[in-house]
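See below for the structure under consideration.
The values are calculated or read from the model by the stated rules, or taken from the named source; none is laboratory data. Predicted model only: the values in this text are computed from it and were never measured. Here the Cβ positions follow ideal geometry from the backbone for every residue, glycine too, while neighbour counts run over all protein chains shown. Only protein heavy atoms, including side chains, enter the accessible area calculation; ligands, DNA and RNA are left aside. Shrake-Rupley method; radii C 1.70, N 1.55, O 1.52, S 1.80 Å.
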Amino acid sequence: MTRILALAVMVFVAVAVFAQTAETPILTVEQAQQRAQHARELMTAAERKVRAAEKKEQAAYKDLEAAQKRMEDAQRAYEEAKMRAEQATQASRAVQAEFDQARAKHQQEYQNLKRAHDAAEAARNSPR
């Protein structure tokens with residue numbers, strides 16, 4: 001802001017010096033006061049515009065920082081969710097393997113029970 005204000009002041013000074021050095025008719029005090037007042041009003045308006053622009057810039061940077069934080073939070077949440085999904089996949093595979101073993105054992109025990117049942121039936125039906 002100070003750079004812009006200093007630049008604006010330098011421009012007005014340069015314009016004033018140029019206006020004095022150029023061959024312009026000599027102004028009355030009243031005319032000079034009016035021109036000085038007009039220049040002051042222009043400078044004040046420019047200063048207000050600079051302040052408004054700086055406020056917008058600060059707000060934009062604040063929004064940018066907030067968006068960056070949200071993005072970092074989202075990235076962190078994504079990484080955590082990805083890790084949980086990988087852990088769930090590993091757990092699912094382990095449980096599936098356990099289920100497959102239990103099913104194989106159940107089928108083996110069922111076959112044993114069927115053989116024992118068939119043997120008992122055969123013994124009961126055989127002539128004595």
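Each residue in segment 47-69 was checked for being of a type outside the set (A, V, I, L, M, F, W, C) and surrounded by 12 or more Cβ atoms within 10 Å (Cβ to Cβ), and 4 pass.
Counting the residues of segment 95-128 that are open to solvent by 60 Å² or more (accessible area, probe 1.4 Å) and under 41 Å from the mean Cα position of the chain (by Cα) gives 2. Looking at THR44, is it of a type outside the set (A, V, I, L, M), open to solvent by less than 90 Å² (accessible area, probe 1.4 Å) and at pLDDT below 95? Taking the combined requirement at face value, the residue does not satisfy it.
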